[in-house]
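Right, one structure below, let's go through it.
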Amino acid sequence: MNKSCIFCGNKNLTEKKVQYIYKHNTEYIIVNDVPCLECDFCGEQYFNGDTMEKIEKLYHDISNNKRNIQRKIEVPIEDYSAFS
Ligand SMILES: [Zn+2]
């Protein structure tokens, strides 16, 4: 794959597997080991359309109860004004 980073113009992008956080309104899914191309210079990550479609489908399967969730974590949520 040869493309350059649209943010910094760097041409060195490396294939990596990263953690992707899918967000839909107030719902989140953390997906590990998602393939992407990462810019060696600025770290911007590029995911292809096929990968995004699969994650969309995962979201719909989970929200329609067609798929059991592998595991869950509890995430603390705070308002910045409450502690600053
Ligand atoms: Zn870049």
The residue from 42, 5, 36 that alone is in a loop (DSSP other than H, G, I, E, B) and touching a strand residue (DSSP E or B) at 6+ places or on another chain (Cβ under 6 Å) is 5
Is it the case, given these coordinates, that residue 75 is among the aliphatic types (A, V, I, L, M) and in a strand (DSSP E or B)? no
Filter the range 57-84 for residues that are in contact with a strand residue (DSSP E or B) (Cβ under 8 Å, 6 or more places away or on another chain) and either farther than 11 Å from residue 29 by Cα or free of Cβ contacts under 8 Å to residues at least 40 places away in the same chain (or both); the one that is surrounded by the fewest Cβ atoms within 10 Å (Cβ to Cβ) is 75
Report task. State whether one or more residues within the range 29-49 are aromatic (Phe, Trp, Tyr) and within 12 Å of the chain's Cα centre (by Cα). Result -> yes
The condition of being free of Cβ contacts under 8 Å to residues at least 24 places away in the same chain, in contact with a Ser or Thr (Cβ under 9 Å, 6 or more places away or on another chain) and of a type outside the set (A, V, I, L, M) holds, among 11, 17, 23, only for 11
Note on the range 18-55: residues of a type in the set (Val, Ile, Thr) and more than 16 Å from the ligand (Cβ to nearest atom) are 21, 26, 29, 30, 31, 34, 51, 55
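Every read-out reported here was derived from the displayed coordinates using simple, explicitly stated rules and does not represent laboratory data. As the structure is a prediction and not an experimental result, all values here were calculated from the model. A quick note on method: Cβ atoms are made from the backbone with ideal geometry, for glycine too, and the neighbour counts reach across all protein chains shown.
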